[in-house]
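Report on the following structure.
No lab work stands behind these numbers, since they all come straight from the coordinates. It should be emphasised that the depicted structure is a prediction, and the values quoted were computed from it without experimental measurement. Reconstructed Cβ throughout: ideal geometry from the backbone, glycine too, with neighbour counts over all protein chains shown.
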Amino acid sequence: MSLPTPSPAASAHSLTLVTAIAREIGAGGGWISFARFMEMALYQPGLGYYSAGARKFGAAGDFVTAPEMTAYFGRALARQVAQVMAASAPHVLEVGAGSGRLAADLLLELERLDALPESYDILDLSADLRERQQATLAAAAPHLLARVLWLDRLPEAFSGVVVANELLDAMPAHVVAWRENGIFERGVGLDDSGGFTWNERPASGALLAAAEEIGGQCCLPPGYESEISLAARAWAAEWGHRLQRGALLLIDYGFPRREFYHQQRGRGTLMCHYRHHSHPDPFYLPALQDVTVHVDFTAIIAAADAAGLDLLGYTSQGQFLLNCGILDLLAVESAGSTDYIRAAGAINKLLMPHEMGELFKVIAIGRGIDQPLCGFASGDQSRRL
């Protein structure tokens with residue numbers, strides 16, 4: 001595996017986190033769950049990937065998200081946001097707002113639509129990202145900055161629209177192996193040299209129950225390994241207690257359960273992103289790389305449904321953006337202009353099945369929304385869940 005060499009300062013930062021994780025493993029009797037490893041690698045205060053100051057998004061970071069590619073992503077999404085607000089309450093909550101680019105694009109487009117929210121809340125645990133979000137909004141939409149409030153936790157009660165783009169894939173996940181002699185949880189231990197290594201023990205509790213259900217539904221063969229995100233399920237279910245009226249619009253890469261746990265995907269979906277390189281080794285330079293898993297959307301809606309929420313729509317990102325009029329927005333640009341050509345190239349990546357159009361999905365979950373949502377007017381795939 002040939003990856004860019006980090007600077008001495010970055011290497012030292014990673015080593016500090018490695019030491020902290022090793023201490024955690026020692027305190028756990030030589031073993032921690034992969035979910036705990038992933039949590040520390042991404043969110044350990046002052047050290048984790050999302051908690052420290054390295055640039056993560058865009059050309060200078062490790063990966064590029066849809067809002068960083070083009071403002072047309074947020075402009076199209078704004079049409080769905082406006083419809084849900086009109087049917088519920090004029091409030092938006094974005095969870096995991098990244099650089100703040102999506103917030104800026106949404107607010108500016110909602111202003112054009114004469115549908116500005118009374119409040120636009122952002123929940124992000126990273127102080128570094130909060131500062132970057134504030135700077136982005138101050139530069140792009142200074143006259144709207146007063147509407148934006150940063151939260152430290154989920155609100156006790158909320159009505160309106162919850163937006164989360166590429167949030168669920170970064171929630172800590174457990175890794176499970178279905179073996180001939182039972183179901184095992186793959187955790188993290190230390191090898192003789194003090195490096196991280198995979199270490200298995202029998203699965204138990206909620207994780208075992210989830211793995212048994214998945215194994216039975218998908219007929220998994222012995223030796224199959226994959227991920228189960230109990231954290232993502234719990235997060236979706238929590239909104240059953242907090243959402244009074246409105247919808248969650250969740251955009252992420254993943255599959256319905258029977259595709260997620262397809263027999264040809266026998267080593268799971270775990271993937272890491274470092275300097276625009278993707279690779280499968282989560283133990284490489286903790287704190288300096290993103291660690292992700294795909295989303296089991298069947299698990300998300302099952303948890304939300306059990307908590308009293310409704311499935312309002314599920315489709316591919318490409319179909320959702322088409323339904324929201326992204327091509328109509330592009331048509332306003334002067335064909336052949338530099339702006340048009342640049343925007344058309346980015347939109348093509350968002351829409352095409354071989355790019356982001358099919359791998360990324362959009363799911364809407366809500367309460368008290370009786371009208372069909374425009375983003376799912378054509379090509380709804382809810383039956384696949």
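Observations on the model:
- Separation between Cα centres of the range 270-331 and the range 232-267, rounded to whole Å: 9 Å
- Taking the charge dipole of the chain about its Cα centre, with +1 at Lys and Arg Cβ atoms and -1 at Asp and Glu Cβ atoms, the residue from Gly182, Leu145, Ser378 reaching farthest to the positive side is Ser378.
- Net charge dipole size for the chain [Lys, Arg +1 and Asp, Glu -1 on Cβ; Debye, nearest 20]: 120 debye
- Estimated from helical segments only, the mean residue ellipticity of the chain at 222 nm is -11500 deg cm²/dmol, where each DSSP H run of four or more residues counts as -39500 (n - 2.57).
- Put simply, the C-alpha atoms of the range 1-153 give a gyration tensor, and the ellipsoid matching it has half-axes of 35, 18, 13 Å, longest first.
- Highest to lowest packing among 136-148, 299-311, scored as the average C-beta count within 10 Å: 299-311, 136-148
- Answer label, with log10 I(q)/I(0) by the Debye sum over Cα atoms at q = 0.07, 0.09, 0.14 Å⁻¹ calculated from the coordinates and candidates (i) -0.36, -0.58, -1.21; (ii) -0.32, -0.53, -1.30; (iii) -0.45, -0.71, -1.28: (ii)
- Scanning the chain for long hydrophobic helices, with DSSP H runs required to stretch 27 angstrom or more by C-alpha along their axis and to average at least -1.0 on the Kyte-Doolittle scale, returns 8-27.
- Computed from backbone phi with θ = phi - 60° and the Karplus coefficients 6.51, -1.76 and 1.60, the 3J(HN,Hα) list for the range 277-283 is 10, 10, 7, x, 9, x, 8 Hz; x is used for glycine and proline.
- Among beta bridges identified by DSSP and lying wholly in the chain, the antiparallel ones come to about 60 percent.
- Contact order relative to length of the range 133-258, as percent, for alpha carbon pairs under 8 angstrom and 6 or more apart: 37 percent
- Which of Cys374, Cys219, Cys324 has the fewest Cβ neighbours within 10 Å, and the rest in rising order: Cys219, Cys374, Cys324
- Full-stretch length increase - Ala146, Leu3 - with 0.36 nm per residue and alpha-carbon distance subtracted: 47.3 nm
- Under the criterion of Cα pairs below 8 Å and six or more residues apart, the relative contact order for the chain equals 20 percent.
- Across the range 303-339, the residues whose backbone nitrogen lies under 17 Å from the label position 7 Å along the beta-carbon direction of Glu213 are 303-311.
- In this rough spin-label picture, where each label sits 7 Å from Cα along the Cβ direction, the Ala86-Ser278 distance is 3.7 nm.
- Local net charge near Arg79, Cβ-Cβ under 15 Å (Lys/Arg +1, Asp/Glu -1): -3
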